[in-house]
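A.B. asks: Got a structure for you, written out below as structure tokens; questions coming shortly.
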């Protein structure tokens, strides 16, 4: 994952991946019949690892507004590991835009993120912590906002610092959810 994120799937050498993993290049080729297969597995692993971090970072005792704030934070490129995850996503976006075979991978990973947000939204609505809304549309909106602002943070746009991205994402959805526009 780290090598793909830092060098790009087309530039990273299979021999280098094998060396980093402590296995032979032949073994890597045996398990991955193409670079796309390697990218897909790296993304799956990245998602699972990030998912473990997400769950660990989100105390179940938090209310839905606090959970949503933490979820947004966990989806932005705020540290080296999350930046690497983001670069993998960018690789997937570019490759799936050109190669139809990768589109189901992108759709599957987005469906999982969507479900994670939708579940928190639905739970918050049911508990009376969030104003009723179309949960699926709100989850899609949150993901689109995270993608757009996150990309600007990733590329170090001088006009879009991480804190500003967090604030803008929150302000865009807070009113519809019945929350203060200030994430506090």
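All of the numbers you see were taken from the coordinates with simple rules; none came from a lab. Keep in mind it's a predicted model, so treat the numbers as computed, not measured. Note that each Cβ is placed from the backbone with ideal geometry, even for glycine, and that neighbours are counted across all protein chains shown.
A.B. asks: What FRET efficiency do you get for residue 29 and residue 79 if R0 is 30 Å and r is their Cβ-Cβ distance, rounded to the nearest 0.05?
C.D. replies: On the way: r = 32 Å, r/R0 = 1.08.
Plugging the Cβ-Cβ distance into 1/(1 + (r/R0)^6) gives 0.40.
A.B. asks: What is the spin-label model distance, in nm, from residue 127 to residue 93 if the labels are put 7 Å beyond Cα along the C-beta direction?
C.D. replies: Taking the two extended label points, one gets 3.1 nm.
A.B. asks: What number, in percent, do you get for the relative contact order of the stretch 34-177 if the mean sequence gap of Cα pairs under 8 Å and at least 6 apart is divided by its residue count? Please report the intermediate quantities before stating the final value.
C.D. replies: Values: 104 pairs, mean separation 36.9, N = 144.
After rounding, I find 26 percent.
A.B. asks: Compute the normalised compactness of the stretch 34-177: alpha-carbon radius of gyration over 2.2 N^0.38 Å, N being the residue count. Don't skip to the answer; put the middle values down first.
C.D. replies: Details: Rg = 15.3 Å, N = 144, 2.2 N^0.38 = 14.5 Å.
That ratio works out to 1.06.
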